[in-house]
Ligand code: GTP
Ligand code: MG
């Protein structure tokens, strides 16, 4: 199968959902189950991502998966902390993820960030399934560690079964309220037309075999053609996070979704003031079995091929933006690659007007999502930028026209102390939230109050 592996890249799976609904626990469990299955060496830790190869998936899924049915190399899972906007996960022309798992706590149901995730999945037309998590918390539940979900559900008392089914049908109802026809995954024939709901527990691993089977089947069936790429070409990726790494200065946590990046490449990265051209100094990866998203003990690698996570160290990255594109130049024409990055930055549509509010967001993707929500609500935007709220933003907001425009909407970003003081002094209203629609709602309330 080596010949196939070279040309089929790993599908990228985003794990999304409301805070505390169990995204990280599910990924931990998948890694843990692999350890139990004696496959720990096969699981590789990546920057912001976990790669699970096909043989590990088939080991965990047991009878549910026949590995000979598949020729994709496995799955690359990207965890997205609830407080961080997963709209960072963008790539040229839309979503970075090929497919997504929307995690919903069966007790909590749909919550603000679940709805926000649904909006983004809809907008980017990303196929997804729902992991209805924490089924082990249904009162009276009898755990059957690691079992396929129908098996363990059948083994529960009538009372427990009906309690769980009620919760599951509530989730199916909420999906339908949001325009998605959905059903339990085992009743879904066409996963493009219907959303499959997979009951799982990240505590007991029940349903995890099903979850992996469904994800693998979905990617194989509907995405195989998109996975056929030339992984040896110049790398293309997306910045997940811009952060300082001890000994390396400002670095990029990135996902490479096409081609290969090498440690002697020159790259073009989207920055606040336009494309940044810089030479890679080092490509870093956590050492095996490190927690994802920890920053210690990196090892340097020579190259990274799609799809994979990597930390890129290079000079001049101070202005790089989360959500921005990365392109390797290698033997291509430098100005052509710069033009491509410029084009991609321009593609991120944020319409601004002569008068309007100031918006700030943590990533390009979230800026785009916030701006599209404001556009729907016909709220004009005068200035839109990635980054913390600074005094100059307050200066801009001051001159924004009508009193309702003298406002800054800050999504998942810090407000610098002097900016906060200045806003107070100049009567510029400051709105801060980690949930887009709550941010817009509090601004709406403010407008209503002014108008009354
Ligand atoms: P954020 O990253 O903060 O958005 O949260 P998350 O979605 O990654 O949730 P996380 O995995 O951190 O889980 C939150 C809490 O729920 C933790 O205390 C977990 O132990 C618990 N939890 C997660 N999944 C399950 C489950 O299936 N059953 C039970 N009983 N507890 C769970
Ligand atoms: Mg988490």
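The values are calculated or read from the model by the stated rules, or taken from the named source; none is laboratory data. The structure presented is a predicted model; accordingly, all values stated were derived computationally and were not measured. Here Cβ is always computed from backbone atoms with ideal geometry, including for glycine, and neighbour counts include all displayed protein chains.
Filtering region 76-93 to residues that are within 16 Å of ligand 1 (Cβ to nearest atom), at pLDDT below 80 and in contact with a helix residue (DSSP H, G or I) (Cβ under 8 Å, 6 or more places away or on another chain) leaves 80, 81, 82, 85, 86, 87, 88, 89.
Restricting the first member to region 184-203 and to residues that are closer than 13 Å to residue 215 by Cα and more than 16 Å from ligand 1 (Cβ to nearest atom), and the second to residues that are part of a helix (DSSP H, G or I) and at pLDDT 95 or above, the beta-carbon pairs closer than 6 Å and six or more apart or on different chains are 195/175; 196/185. Within region 407-450, the set of residues being free of Cβ contacts under 8 Å to residues at least 40 places away in the same chain, on the phi < 0 side of the Ramachandran plot and assigned to a loop (DSSP other than H, G, I, E, B) comprises 414, 416, 426, 428.
When residue 276 is tested against (1) at pLDDT 95 or above; (2) assigned to a loop (DSSP other than H, G, I, E, B), just one condition goes unmet, and that condition is (2). Got at least one residue in region 348-363 being more than 30 Å from residue 399 (Cβ to Cβ) and at pLDDT below 90? Scanning region 348-363, I find no residue that is more than 30 Å from residue 399 (Cβ to Cβ) and at pLDDT below 90, so the answer is no. Being over 23 Å from residue 428 (Cα atoms), outside any loop (DSSP other than H, G, I, E, B) and in contact with a strand residue (DSSP E or B) (Cβ under 6 Å, 6 or more places away or on another chain) is the requirement here; does residue 337 meet it? Yes; evaluated as a whole, the condition is true for this residue.
Just so you know, in region 182-204 the residues that are over 23 Å from the mean Cα position of the chain (by Cα) and farther than 13 Å from residue 150 by Cα include one that is surrounded by the most Cβ atoms within 10 Å (Cβ to Cβ), and it is 204.
None of 335, 372 is over 24 Å from residue 50 (Cα atoms) and in contact (Cβ under 8 Å) with a residue 60 or more places away in the chain except 372. Just to verify a result, which residue in region 331-354, among those that are surrounded by 14 or more Cβ atoms within 10 Å (Cβ to Cβ) and in contact with a helix residue (DSSP H, G or I) (Cβ under 7 Å, 6 or more places away or on another chain), is farthest from residue 433 (Cα to Cα)? Looking at the filtered set, the residue picked out is 348.
The single condition from (1) within 29 Å of residue 432 (Cβ to Cβ); (2) within 14 Å of ligand 2 (Cβ to nearest atom); (3) modelled with pLDDT of 80 or more; (4) buried (at least 20 other Cβ atoms within 10 Å of the Cβ) that residue 96 fails is (2).
How about region 115-137: which of its residues are more than 12 Å from residue 102 (Cα to Cα), surrounded by fewer than 21 Cβ atoms within 10 Å (Cβ to Cβ) and within 16 Å of ligand 1 (Cβ to nearest atom)? Residues satisfying the conditions are 136, 137. Checking the structure you have, find out if any residue of region 268-277 is surrounded by fewer than 17 Cβ atoms within 10 Å (Cβ to Cβ) and within 18 Å of residue 299 (Cβ to Cβ). No: zero hits. Against the condition crowded, with 21+ Cβ neighbours inside 10 Å and at pLDDT 60 or above, how does residue 13 come out, does it pass? The answer is yes for residue 13.
Yes/no matrix, rows are residues, columns are (1) within 21 Å of residue 77 (Cα to Cα); (2) buried (at least 17 other Cβ atoms within 10 Å of the Cβ); (3) modelled with pLDDT under 90:
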{"position": "283", "(1), (2), (3)": "yes, yes, no"}
{"position": "290", "(1), (2), (3)": "yes, no, yes"}
{"position": "297", "(1), (2), (3)": "no, no, yes"}
{"position": "309", "(1), (2), (3)": "yes, yes, yes"}
{"position": "322", "(1), (2), (3)": "yes, yes, yes"}
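Which of the residues that make up region 208-240 are modelled with pLDDT under 85 and in contact with a strand residue (DSSP E or B) (Cβ under 9 Å, 6 or more places away or on another chain)? Correct list: 222, 223, 224, 227, 228, 229, 230, 231. Residues in region 17-65 that are at pLDDT 75 or above, assigned to a loop (DSSP other than H, G, I, E, B) and within 13 Å of ligand 2 (Cβ to nearest atom): 18, 19, 20, 21, 22.
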